[in-house]
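To start, the structure itself, in structure tokens.
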Amino acid sequence: IRLDTTMHNAHRSASMLDLLLYGKCRVEPRLQLMLNTAIVGAVTQDSLITHAIARRESTEDQFTIAAKVFVDCTGDGRLGVEAQAPFRKGREARDAFDESFAPETADDHTLGSSLLFIGRELDHAVPFTPPPWARKFTEDDLKHRPHAQVGIDQGLEYGYWWLEWGGHLDTIKDNEAIRDELLAILLGVWDHIKNGGDHGADNWVLDWFGFLPGKRESRRFIGQYTLTQRDLQESRPFDDAIAYGGWPIDTHPPRGVDASDESPATQRRLDYVYDIPLRSCVSAGPRNLMFAGRNISATHIAFASTRVMATCAAIGQGVGTAAAHAVQHGIAPADLAAEPQIMTQIQQRLLRDDAYLIGAVNLDPADRARDARVSASSAQPNGGAAQVISGVTRSVHGPRGAKPDRVTPGLHRWMSDPNAGLPAWIQLQWDKPVPVSEVQLIFDTGMHRVLTLSHSDAYVDRMDWGRPQPETVRDYTIEAKCGDGWHLLAEVKDNYQRRRIHNVNPPGEVSALRVTVTATNGLDHARIFEIRAY
């Protein structure tokens, strides 16, 4: 990494960016790289990116970063644009990809941007006087936009996602103008809530509001494959799947609140979760450029589902795993998806890391648990001990789960009998002793129940918030049976995590491995999704 300390002229900084860099480089200890930096350039040669150039305005430093693989997670795709990677903006015509939800004719409109606020209730009335430039709204203007009501996304404590505007402009180049108008809209809506009729808001104050627009859409890269509406609706299987999605196809009117006669969102629910292929995350341009987040290769309609943060996080894990594999094995990202054996290795690594891939099961030949006989102190009829080696760590069958022909039904977890009480144990046993140096456990963390950060009181009420989930094993031990008897390998108290890896050192090869659960975080029986042994 070369540090250019030359003084630079004043430069209008790009948006805050994240850049994942995979490769071998030597960094001098004094450098705190990539904090508060923005990508400002890229160097390409022979269809490859050789260097990214980043600038940190606060210290007037410029970094030139060499890497084998580059992953653009910048949202707006700044690195890819600097590397001249092909991209799309706007909405495709209906016949371009045979998408019934697309407009008849193409345009350059996108989803708009939002500013959020937080309200707080006091024990006395507080007046609100809007600035003169705040917008004015009537109840008719907001008839399709619930506000000052009880319910998810409606209460005064939660800034409204529908405070949206600017999709008819350029959400990158016009970002400051969009920000200014969104401020006028936000304060105008708050003025309406406080002063435009009885909304029960006399004691409420505007505690905080954002100043950087939350951008939904800008550039979308053109990858080796473009994800479409039909791919999502049909849950089309992809051999190169590295993540999954399931959010509705969630389109918004580009003019946001100015489309007062339209619903702020049209959400078309999907019957099943769907695959996201690696090829939608690898550029059709530079061969070592990948992307993750809202800038993946998808039509505007498919993007309306893939763009949400949880899906982007799953994509990030899948792309990061594939990028690491590419570097470790000296393979260009553009060549990964064409090799079935390589894709199997990437997918198996993801499963080992407890990612979920539709229909994929643990086939890891190094996992000793797959060859073991499993028994338990007790089990419920639908939660037998052998389920810890079923190869699946999710129960996703049923409405809006995985497509029936792509999933193995079942709970895929051992559940001890509540009547037998705790402690409860589960045991793996081998006909011939095996070497074991690592034990991986996947516990139940109540993923049937939502758990996320939110300022919506109604949404938080649906969660078990502020403590470990009651289904999760709290206290447990791991023991191994060797030639001279049983040995304690690990003892854990106060666990709250889903995935636990234990590096163990038994005094010889192991003929049996036992996990004993002595307490949970509230449930009356033990639950374990998976046990792996390496």
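The values are calculated or read from the model by the stated rules, or taken from the named source; none is laboratory data. Treat the numbers as computed from the prediction; the structure is a model and nothing was measured. Using ideal geometry, Cβ is built from the backbone for each residue, glycine included, and neighbour counts are taken over all protein chains shown. Accessible surface areas use protein heavy atoms only, side chains included; no ligands, DNA or RNA. Shrake-Rupley method; radii C 1.70, N 1.55, O 1.52, S 1.80 Å.
For the reader, a short list of remarks on this structure follows.
- Considering residues of the stretch 468-511 that are under 19 Å from Ile442 (Cα atoms) and hydrophobic (A, V, I, L, M, F, W, C) only, the residue surrounded by the fewest Cβ atoms within 10 Å (Cβ to Cβ): Ile501
- Candidates are the residues of the stretch 94-132 that are of a type in the set (Gly, Ala, Ser) and surrounded by 12 or more Cβ atoms within 10 Å (Cβ to Cβ); the one that is modelled with the lowest pLDDT is Gly119.
- The set of residues from the stretch 496-528 being more than 18 Å from Ser377 (Cβ to Cβ), of a type in the set (A, V, I, L, M, F, W, C) and not in a loop (DSSP other than H, G, I, E, B) comprises Ile501, Val510.
- Considering residues of the stretch 512-534 that are open to solvent by less than 20 Å² (accessible area, probe 1.4 Å) and farther than 30 Å from Leu451 by Cα only, the residue farthest from the chain's Cα centre (by Cα): Ala512
- Pro365 vs. criteria under 23 Å from Leu441 (Cβ atoms) and of a type outside the set (D, E, K, R): yes
- Matching strands (runs of 3 or more DSSP E) fully within the stretch 44-84 where at least 2 residues are modelled with pLDDT of 95 or more and open to solvent by 40 Å² or more (accessible area, probe 1.4 Å): 48-56
- Lone qualifier among Lys173, Lys136 - being in contact (Cβ under 8 Å) with a residue 40 or more places away in the chain and open to solvent by 30 Å² or more (accessible area, probe 1.4 Å): Lys136
- The condition (being surrounded by fewer than 19 Cβ atoms within 10 Å (Cβ to Cβ) and modelled with pLDDT of 95 or more) is satisfied by just one residue among Ala402, Ala366, Ala424: Ala366.
- Restricting the stretch 182-232 to residues that are open to solvent by 20 Å² or more (accessible area, probe 1.4 Å) and of a type in the set (Lys, Arg), the residue that is farthest from Ala83 (Cα to Cα) is Lys194.
- The stretch 265-299, residues that are surrounded by 21 or more Cβ atoms within 10 Å (Cβ to Cβ) and closer than 30 Å to Gly188 by Cα: Arg294
- Tally, over the stretch 300-324, of residues that are open to solvent by 20 Å² or more (accessible area, probe 1.4 Å) and closer than 24 Å to Asn362 by Cα: 8
- Flag if Tyr476 is among the aromatic types (Phe, Trp, Tyr) and part of a strand (DSSP E or B): yes
- Annotation: of all residues in the stretch 385-399 being among the small types (Gly, Ala, Ser) and out of contact with any strand residue (DSSP E or B) (no Cβ under 7 Å at 6 or more places or on another chain), the one that is least open to solvent (accessible area, probe 1.4 Å) is Gly391.
Okay, residues lined up against (1) part of a loop (DSSP other than H, G, I, E, B); (2) over 20 Å from the mean Cα position of the chain (by Cα); (3) at negative phi:
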| site | (1), (2), (3) |
| --- | --- |
| Leu428 | no, yes, yes |
| Ile442 | no, no, yes |
| Leu451 | yes, no, yes |
| His487 | no, yes, yes |
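- Scope the stretch 86-107; condition closer than 28 Å to Arg179 by Cα and in contact (Cβ under 8 Å) with a residue 60 or more places away in the chain; matching residues: Pro86, Phe87, Arg88, Lys89, Gly90, Arg91, Glu92, Ala102
- 3 or more residues under 22 Å from the mean Cα position of the chain (by Cα) and in contact (Cβ under 8 Å) with a residue 24 or more places away in the chain: qualifying strands (runs of 3 or more DSSP E) within the stretch 205-302: 241-245, 249-251, 274-277, 289-291
So that you can scan it fast, the table gives a plain yes or no per residue for (1) at pLDDT 95 or above; (2) more than 29 Å from the chain's Cα centre (by Cα); (3) among the polar types (S, T, N, Q):
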residue: Lys143; (1), (2), (3): yes, yes, no
residue: Leu156; (1), (2), (3): no, no, no
residue: Trp162; (1), (2), (3): yes, no, no
residue: Gly166; (1), (2), (3): yes, no, no
residue: Leu187; (1), (2), (3): yes, yes, no
residue: His192; (1), (2), (3): yes, yes, no
residue: Asn195; (1), (2), (3): yes, yes, yes
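- For the stretch 415-426, filtered to residues that are in a loop (DSSP other than H, G, I, E, B) and not acidic (Asp, Glu), the residue that is nearest to His502 (Cα to Cα) is Pro423.
To keep it simple, each residue is scored yes or no on (1) crowded, with 21+ Cβ neighbours inside 10 Å; (2) of a type outside the set (S, T, N, Q).
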| residue | (1), (2) |
| --- | --- |
| Ala337 | yes, yes |
| Arg349 | no, yes |
| Asn362 | no, no |
| Ser377 | no, no |
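- Filter result for His412 (open to solvent by 50 Å² or more (accessible area, probe 1.4 Å) and part of a loop (DSSP other than H, G, I, E, B)): no
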